[in-house]
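Q: The structure's right below; bear with me while I get my questions together.
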Amino acid sequence: MDVVPVGPGFGAELRGVTLSDVASDDATYNAARAAFEEHSVLVFRNQDVTDDIQLAFSRRFGPPETTKVGSQGTGSHFVILSTIGPDGKVVPADHRLQLRSKANQLWHTDSSFKRTPALTSILSARIIPEHGGETEFVSTRLAFERLDAATRHRLVNSFAWHNYAHSRAKVAPGLATSEEQAALPPVCWRMVWRNPVNGRGALYLASHAYAVEGMDAVAGTRLIEELTEAATAPGTTYQHQWKQGDVVMWDNRATMHRGRPWPAHEARLMIRTTISATEADGLGSMGLTAPQAAE
């Protein structure tokens with residue numbers, strides 16, 4: 001297995017290995033896991049990927065999430081990211097499926113709004129548009145390390161509130177349904193996630209973050225926005241140009257990502273599996289004891 005860097009200080013392509021190799025062989029998994037902890041974003045090209053192969057690969061990294069209410073794939077281990085309607089045609093630009101795609105074009109980290117956040121997401125390209133539709137990543141680990149020492153010290157002991165409805169409201173009123181809002185109440189996480197393998201900290205932010213515990217609402221929002229802007233500054237991103245057969249996985253503890261636009265009339269179908277974080281991934285230090293939900 002060759003590990004080839006692809007991004008500015010993070011991200012790597014793993015060559016000479018398949019998803020099935022990682023799923024079935026302990027030594028190959030251990031090498032891939034070490035690369036994941038080090039590089040945060042891993043690219044696998046030319047994969048013969050099926051749902052079964054993707055799920056078997058995903059399970060090596062931990063327990064798979066069950067897809068939330070309101071999403072395509074609800075109740076399964078697959079999130080179906082599609083702009084194709086039941087009739088096989090691309091839905092109109094104002095359709096909910098298209099609006100949800102626009103919501104994914106905000107900088108975010110998957111599942112920070114859930115009671116159990118995500119360790120990693122695995123995304124496979126099934127149908128890709130001819131133009132656009134890239135996925136762009138930044139390292140929030142490198143962003144944290146660029147901050148001055150005093151700011152890093154302050155953030156390690158700060159907590160932010162995350163809410164799914166908050167990010168969706170940025171795109172369209174009511175995009176998060178009442179059922180989704182009831183199932184996904186606000187949650188609070190430490191603003192720095194420390195990797196237990198290498199000890200390196202990373203900003204834990206997302207478009208779902210809306211308030212900082214104990215901070216004035218305006219000041220908290222401003223801090224989240226300033227940190228996000230610094231983390232996503234020009235020259236800090238890796239933009240993945242999708243090809244058929246690509247699979248990309250990323251560390252939700254140490255990255256943010258966003259989808260890039262594509263022509264609304266061009267079809268796009270991506271399948272995502274998401275692995276929940278566990279105590280072994282540093283989850284135990286992330287929660288706030290006896291929090292009070294920010295208004």
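The values are calculated or read from the model by the stated rules, or taken from the named source; none is laboratory data. Remember, it's a predicted structure, so these values are computed and weren't measured experimentally. Cβ atoms come from the backbone with ideal geometry, glycine included; neighbour counts cover every protein chain shown. These area figures cover heavy atoms from the full protein model, side chains too; ligands, DNA and RNA do not enter into them. Shrake-Rupley method; radii C 1.70, N 1.55, O 1.52, S 1.80 Å.
Q: If the reach is capped at under 17 angstrom between alpha carbons, list the aspartates and glutamates near Lys243, excluding any in the same chain fewer than eight residues apart.
A: Counting by Cα, and skipping residues close in sequence, Lys243 has these aspartates and glutamates nearby: Glu13, Asp48, Glu130, Glu134, Glu136, Glu266.
Q: Could you tell me how many cubic angstrom of Cα convex hull volume the range 143-295 has per residue? Provide the component values of the computation, followed by the final result.
A: On the way: hull volume 25.3 nm³, N = 153.
In the range 143-295, the Cα convex hull volume per residue is 165 Å³.
Q: Provide the per-residue ³J(HN,Hα) series for the range 54-70, in order, calculated from phi with Karplus coefficients 6.51, -1.76, 1.60 and θ = phi - 60°, each as a whole number of Hz, with x at glycine and proline positions.
A: Once rounded to whole Hz, the list reads 5, 5, 4, 4, 4, 4, 4, 9, x, x, x, 5, 9, 4, 5, 4, x.
Q: Turning to a different aspect of this structure: Between Arg59 and Glu225, 0.36 nm times their residue separation minus their Cα-Cα distance comes to what?
A: My answer for the length gained is 56.3 nm.
Q: Relative to a virtual label point 7 Å from the Cα of Ala172 in the Cα→beta-carbon direction, which members of the range 73-100 show backbone nitrogen distances below 11 Å?
A: Inside the label zone: 92-100.
Q: Can you tell me the length gained on complete extension of the stretch Ala149 to Leu99, counting 0.36 nm per residue apart and subtracting the Cα distance? Provide the component values of the computation, followed by the final result.
A: On the way: separation 50, 0.36 × 50 = 18.00 nm, distance 3.97 nm.
Additional length available on full extension: 14.0 nm.
Q: Can you tally the net charge around Ala93? Count Lys and Arg as +1, Asp and Glu as -1, for every other residue whose Cβ sits under 15 Å from the Cβ of Ala93. Could you put the intermediate results ahead of the total?
A: Numbers: positive: Lys89, Arg96, Arg100, Lys102, Arg268; negative: Asp94, Glu266.
It works out to a net charge of +3.
Q: Additional query: Taking 0.36 nm per residue of separation and subtracting the Cα-Cα distance, what length does fully extending Asn198 through Val218 add?
A: That pair, Asn198 and Val218, stretches by 3.7 nm at full extension.
Q: Give me P(r) over the range 185-230, computed from all C-alpha to C-alpha distances, binned every 5 Å, as integer percentages.
A: 5, 21, 26, 25, 13, 8, 3, 0
Q: Check Ala118: other-chain or 5+ apart residues with amide H under 5 Å from its amide H, H built from backbone geometry?
A: When sequence neighbours closer than 5 places are left aside, the close amide H contacts are Ser112, Ala277.
Q: Under unit Cβ charges (Lys, Arg +1; Asp, Glu -1), what dipole magnitude, rounded to 20 debye, does the range 110-256 have relative to its Cα centre?
A: On the way: 15 positive and 15 negative charges, 90 e Å.
The dipole magnitude comes to about 440 debye.
Q: To make sure I understand the rule: partners must be lysines, Cα under 30 Å from the Cα of Lys114, and not fewer than 8 residues away in the same chain. Which ones qualify?
A: Of all the lysines, those that pass the test against Lys114 - Cα under 30 Å, at least 8 places apart if same chain - are Lys68, Lys102, Lys170.
Q: Shifting gears a bit: To the nearest 10 square angstrom, what accessible area does Ser76 show with a 1.4 Å probe?
A: That residue has around 40 Å² of solvent-accessible surface.
Q: So, counting K/R as plus one and D/E as minus one, what does the shell of residues with Cβ under 10 Å around Ala172 add up to?
A: Values: positive: Arg96, Arg100, Lys102, Arg168, Lys170; negative: Asp94.
Around Ala172, the surrounding residues sum to +4.
Q: For the chain, what relative contact order do you get, as a whole percent, if you take Cα pairs closer than 8 Å and at least 6 residues apart?
A: Values: 617 pairs, mean separation 93.3, N = 295.
So the answer I get is 32 percent.
Q: Moving to a separate point now. May I have the convex hull volume per residue, in Å³, for the Cα set of the chain?
A: Spread over its residues, the Cα hull of the chain gives 129 Å³ apiece.
Q: How large, in percent, is the carbon and sulfur part of the accessible surface of the range 110-264 at a probe radius of 1.4 Å?
A: Carbon and sulfur: 53 percent of the exposed surface of the range 110-264.
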